[in-house]
Amino acid sequence: VLDQAPVVIIATASASLQFTQANQLPLKSIRGQVSLFPQPKALTLNSVVCGEGYVSPPRGGMLCTGATFQHNNESRVLQPADHTSNLNQLARLLPDLAPHLETADSANLDGRVGFRCASSDFLPLVGPLPNQEVAQEAFSKPSEIASNDSDQLYWPGLYISTGHGSKGLATCPLAAELLADLICGQPLC
């Protein structure tokens, strides 16, 4: 035992599956690679541009663009084909950049690989964590569900916030507020 608390929130992306209580959740990892590309002198970019992919303003003279979206690929190694895909996506996003991208050597670009955690329906999993055994037994007898105390369907004091995928910057703050309201017994945000 490392510590004890009346409330625990599992917010560990795909590593949530390492907890016995959460190991049946429908989570998957989705590989994403971003590419760093030297900023062309003729381009001034002061804000993020989003579409099918994105590019962010330069930092240290480099543009960051991406990202790929690959199921069933656990490789942490930068892949030149993914750099090519990101550059092609960037050329469609900002056509004025296309001539500058044609000379890029995908094999020598830098970047980063990360893994998004997503649920089977790509919606985040947020709230009290169900006790799978108790819930399966309760739902196998629909006539008895109403008589069951719904609190028994969940692990006491155990909550989850995971599966935010590509939209985590938008969904995580709302999920945190929702969890705080649930835990404190306040009206839901």
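The values are calculated or read from the model by the stated rules, or taken from the named source; none is laboratory data. These numbers were taken from a predicted model, which means no experiment stands behind them. With ideal geometry, Cβ positions are generated from the backbone for all residues, glycine too; neighbour counts draw on all protein chains shown. Accessible surface areas use protein heavy atoms only, side chains included; no ligands, DNA or RNA. Shrake-Rupley method; radii C 1.70, N 1.55, O 1.52, S 1.80 Å.
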Does residue 126 satisfy the condition of being at pLDDT 95 or above and under 23 Å from the mean Cα position of the chain (by Cα)?
yes
Would the stretch 73-86 turn up any residue that is open to solvent by less than 30 Å² (accessible area, probe 1.4 Å), of a type outside the set (S, T, N, Q) and within 21 Å of residue 116 (Cα to Cα)?
yes
In this structure, is residue 140 in contact with a Pro (Cβ under 6 Å, 6 or more places away or on another chain), farther than 17 Å from residue 62 by Cα and either open to solvent by 50 Å² or more (accessible area, probe 1.4 Å) or of a type in the set (Gly, Ala, Ser) (or both)?
no
Go through (1) surrounded by 10 or more Cβ atoms within 10 Å (Cβ to Cβ); (2) at pLDDT below 90; (3) touching a helix residue (DSSP H, G or I) at 6+ places or on another chain (Cβ under 8 Å) for residue 45 and report which single condition fails.
(3)
Which ones in the stretch 122-141 are without any contact (Cβ under 8 Å) to a residue 24 or more places away in the chain and either out of contact with any helix residue (DSSP H, G or I) (no Cβ under 7 Å at 6 or more places or on another chain) or of a type outside the set (A, V, I, L, M) (or both)?
133, 136, 137, 139, 140, 141
